[in-house]
Amino acid sequence: MFRKRRSTVQLKTAAEIAKMREAGRIVARTLDSLRAAVRPGVTTLDLDAIAERSIRDAGAVPSFKGYHGFPGSICASVNEEVVHGIPRDTKVLGEGDLISIDCGAILDGWHGDSAITVAVGEVSEAERTAMEVCEEAMWRGVAAMRPGNHLGDIGHAIGGYIDSRGRYGNVQEYGGHGIGTEMHMDPHVLNYGRPGEGMKLVEGMCLAIEPMVNLGTRRVVQLDDGWTVVTRDARRSTHFEHSVAITADGPLVLTAREENRSRLADLGFPDPGFE
């Protein structure tokens with residue numbers, strides 16, 4: 001009789017979490033550089049080159065490049081592309097586009113992983129609001145990362161908030177994950193769930209929290225390139241992500257950027273240290 005493999009979750013010491021914060025800082029700086037570089041006429045391959053240079057100049061290695069054959073240092077997903085968009089010289093950003101940039105780095109064997117959605121110039125109010133809903137849903141999920149809570153509490157916080165804001169598509173085929181000495185580790189973190197259900201959260205767990213919010217249906221499909229995931233109705237999508245450690249003092253956001261400083265203070269999260 002076959003038995004289902006038990007989920008093995010990597011718990012980190014305070015020293016290991018500090019190393020992950022260093023990897024997270026590199027990701028944060030890289031995303032800041034990429035946000036500043038987003039403008040009409042820039043290609044997603046241009047952004048990929050900026051990311052690889054930023055990561056390698058910091059003494060780290062891009063997590064994504066070569067991962068199961070992925071060719072880029074970032075995932076660059078434009079408009080109806082939800083996640084895993086391949087950077088290309090033929091993908092030119094235009095005024096009014098949305099681009100989701102997912103970035104990862106490995107430093108001394110430890111991973112950081114984070115994502116942002118950026119408007120290219122002016123976008124519609126509906127699209128701005130969808131970006132705000134997605135980012136806030138991420139923060140709601142992070143806030144549920146307390147010892148004694150459960151994975152279902154994270155999913156409920158994320159999904160419940162998205163549902164409360166209107167008729168958005170909460171992508172269910174993809175979600176967050178454990179992170180540490182590998183980019184994707186147990187447990188899988190759903191962006192929906194029921195309070196009190198699922199694995200119990202304990203100090204030392206590190207999770208990447210990443211909702212994907214569509215302006216239309218939640219249904220998605222993978223393209224023939226084997227990577228790019230798009231919305232079935234071709235409406236636009238948004239994506240935000242942070243890597244976070246569970247500590248006795250609260251969620252420690254390992255990929256926090258300077259622009260997150262006041263938000264972390266408002267939420268009462270531990271100060272991750274800023275340069």
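Shown is the FRET efficiency for residue 37 and residue 248, computed with R0 = 41 Å from the Cβ-Cβ distance and rounded to the nearest 0.05: 0.60. Residue-wise HN-Hα couplings along region 154-160, as the Karplus relation 6.51 cos²θ - 1.76 cosθ + 1.60 with θ = phi - 60° gives them from phi, are 5, x, 5, 5, 5, x, x Hz; Gly and Pro carry x.
In the chain, excluding the sites themselves, the longest stretch lacking any of the chymotrypsin sites (Phe, Trp or Tyr not before Pro) that are in a DSSP loop with at most 15 other Cβ atoms within 10 Å is 3-273.
Note on region 136-188: Cα convex hull, mean projected area over all directions, 4.1 nm². Ligands, DNA and RNA left out, the accessible area of region 1-101 computed with a 1.4 Å probe is 53% carbon and sulfur.
Estimated at 0.36 nm per residue, the fully extended path between residue 202 and residue 184 surpasses their Cα-Cα distance by 4.6 nm. In order along region 225-239, the phi-based Karplus estimate (6.51 cos²θ - 1.76 cosθ + 1.60, θ = phi - 60°) of 3J(HN,Hα) comes to 6, x, 10, 5, 10, 10, 6, 5, 9, 6, 7, 7, 10, 10, 7 Hz; Gly and Pro are listed as x. In this rough spin-label picture, where each label sits 7 Å from Cα along the Cβ direction, the residue 233-residue 11 distance is 4.4 nm.
What shape does region 175-229 have by the C-alpha gyration tensor, where a ≥ b ≥ c are the square roots of the eigenvalues, rounded means a/c under 1.5, and otherwise prolate means a/b greater than b/c and oblate the rest? Oblate shape, in that a/c is at least 1.5 and b/c is the bigger or equal ratio. Size estimate for region 12-150 follows the Kirkwood approach: the inverse of mean 1/r over distinct Cα pairs works out to 15.8 Å.
Less than 5 angstrom separates the built amide H of residue 208 from those of 177, 178, 179, 244, all sequence-distant by 5 or more or on a different chain. Protein heavy-atom accessible surface, 1.4 Å probe, per residue over region 1-125: 47 Å². For region 125-196, which whole percent of the accessible surface, found with a 1.4 angstrom probe, sits on carbon and sulfur atoms? Here it works out to 44 percent. A 1.4 Å probe run over region 156-271, with the rest of the protein chains in place, finds 43 Å² accessible per residue. The shape of the chain comes out rounded: with a ≥ b ≥ c from the C-alpha gyration tensor, a/c is under 1.5.
Computed per residue of the chain from DSSP H runs no shorter than four, each worth -39500 (n - 2.57), the mean residue ellipticity at 222 nm is -9500 deg cm²/dmol.
Rounded to the nearest Hz, the phi-derived 3J(HN,Hα) couplings of region 176-193 under the Karplus curve 6.51 cos²θ - 1.76 cosθ + 1.60 (θ = phi - 60°) are x, 6, x, 8, x, 7, 10, 6, 10, 9, 5, x, 6, 10, 6, 9, 7, x, where x marks glycine and proline.
The values are calculated or read from the model by the stated rules, or taken from the named source; none is laboratory data. Everything quoted here is computed from the prediction, not taken from an experiment. Cβ atoms come from the backbone with ideal geometry, glycine included; neighbour counts cover every protein chain shown. With ligands, DNA and RNA removed, areas are computed over all heavy atoms of the protein, side chains included. Shrake-Rupley method; radii C 1.70, N 1.55, O 1.52, S 1.80 Å.
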